[in-house]
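S.K.: One structure, pasted below without further comment.
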């Protein structure tokens, strides 16, 4: 008699129909929330064919492992584990581009967004009345009362800046809860920044009025587990994104941050030069060389911490990266001087020649740093 085949310790995941909606959830250290969110999505989207794609930035708390456990039980769950890449915007872009449904929603893993609004948002896209539906805290019926005074003030300020500077005509461009037609998103994706937190603002600003947008109210909830990922760098990311969009993406957010760090390095150079001359009485060539070394070192540290924090070098890689950065900047200095002399020879205006040389140096250093120092692996 043939024995019945007994299932292994893990049953195969249940097959699903082609999804109507892909829900993209960027995660970092959210292991205590992802299972709860999945069950909430099950309830909210009952009767619909859907999938959820968790895009995890290699969370130290093993969020990706919890998600994989869910995926082994239910084929609607997918996990993208990113190594060497960080940032909410980049995670959202990768998740939406990896989705298989005609519509994609972005929702936070911290349970602060209202997943019960997803069917309504999907209905607005399916009827053809909108390309993008935004969950808004700042229209009638919406609320952000869970914000503390500091975060509420920062959110309102950022919203006003976005509206006035980028002429974005929506009530809540800072929202992280939205749904978009995937075909429209794919048209915009090559122009979007993978850095920062404000993916919705980037989408709306990049579309330049070409998207049909609707906003629906929702109440922003309180975080149950874990800690907020918002830090002091968010404001800088936001400012860089605004400046990038003002230039119509001629310059990237990363380049702006790199140039800003270079400006700080100029002050470090002059400060170190003054100290070397006045406090240590070094000959000028020695003092200049010391100052240049200090400026390059400070630039490397700030760029590693800020500009390339999604590809941050750690451990032994820091020393290797620093030596490569010294080499890149040394060649950049020669390019700077060469261009400055060439411009001055054609038009003897010192400030014009100096500016041209400095711009050449920044462009060279930025391009070569991306290729050799903080290259993607």
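S.K.: Between residue 20 and residue 309, what is the spin-label point distance in nm, taking each point 7 Å from the Cα along the Cα→C-beta axis?
M.R.: 4.0 nm
S.K.: What ranking do 284, 185 get, fewest neighbouring Cβ atoms within 10 angstrom at the top?
M.R.: In order of increasing Cβ crowding within 10 Å: 284, 185.
S.K.: Label-point separation (nm) for residue 335 and residue 274, each offset 7 Å from Cα along Cα-to-Cβ?
M.R.: Taking the two extended label points, one gets 3.0 nm.
S.K.: Same structure, new question: What does the C-alpha gyration tensor say about the overall shape of the range 253-373? Classify as rounded when a/c is under 1.5, otherwise prolate if a/b is larger than b/c, or oblate.
M.R.: Oblate, because a/c is 1.5 or more while a/b does not exceed b/c.
S.K.: Order by neighbour count: 157, 211, fewest other Cβ atoms within 10 Å first, most last.
M.R.: 157, 211
S.K.: Given a Förster radius of 25 Å and the C-beta distance between residue 316 and residue 68 as r, what FRET efficiency does 1/(1 + (r/R0)^6) yield to the nearest 0.05?
M.R.: 0.25
S.K.: For the range 66-105 and the range 16-57, what is the separation of their Cα centres, given in Å?
M.R.: A separation of 9 Å, based on Cα centres.
S.K.: May I pose another question? How large is the Kirkwood hydrodynamic radius of the range 21-232, counting all unique pairs of alpha carbons, in Å?
M.R.: Evaluated on the range 21-232, it is 17.2 Å.
S.K.: Moving on. If you line up the long axis of helix 149-165 against the longest principal axis of the chain, both from Cα atoms, how many degrees apart are they, to the nearest 10?
M.R.: Helix 149-165 sits roughly 70 degrees off the main axis of the chain.
S.K.: Please determine, in degrees from 0 to 90 and to the nearest 10, the orientation of helix 350-368 with respect to the longest principal axis defined by the Cα atoms of the chain, where the helix direction is its Cα long axis.
M.R.: 40 degrees
S.K.: If you rank 344, 274 by fewest surrounding Cβ atoms within 10 Å, what's the result?
M.R.: By the 10 Å Cβ count, ascending, the order reads 274, 344.
S.K.: Now for a separate question. To the nearest 0.05, how large is the calculated FRET efficiency for residue 97 and residue 248 if R₀ is 25 Å and r is the Cβ-Cβ distance?
M.R.: 0.65
S.K.: Relative to the longest principal Cα axis of the chain, at what angle does helix 316-346 sit, 0 to 90 degrees, rounded to 10?
M.R.: 60 degrees
S.K.: What FRET efficiency comes out for residue 187 versus residue 143 if R0 is 41 angstrom and r is the Cβ-Cβ distance? Round to the nearest 0.05.
M.R.: The value I calculate is 0.80.
S.K.: In terms of the Cα gyration tensor, with a ≥ b ≥ c the square roots of its eigenvalues, is the chain rounded because a/c is under 1.5, prolate because a/b exceeds b/c, or oblate?
M.R.: Prolate, because a/c is 1.5 or more and a/b exceeds b/c.
S.K.: Something else: Using only Cα positions of the range 302-377, each an equal point scatterer, no hydration layer, compute I(q)/I(0) via Debye at q = 0.13, 0.24 Å⁻¹ and quote the log10 values to two decimals.
M.R.: -0.45, -0.98
S.K.: Between residue 32 and residue 352, what is the spin-label point distance in nm, taking each point 7 Å from the Cα along the Cα→C-beta axis?
M.R.: Once both label points are built, they end up 6.3 nm from each other.
The numbers here are math on the coordinates, done by the rules we state, and not lab data. Note that the coordinates shown come from a computational prediction; the quantities given were computed from them, not determined experimentally. Methodologically, a virtual Cβ is constructed for each residue, glycine included, from the backbone with ideal geometry; neighbour enumeration extends over all protein chains shown.
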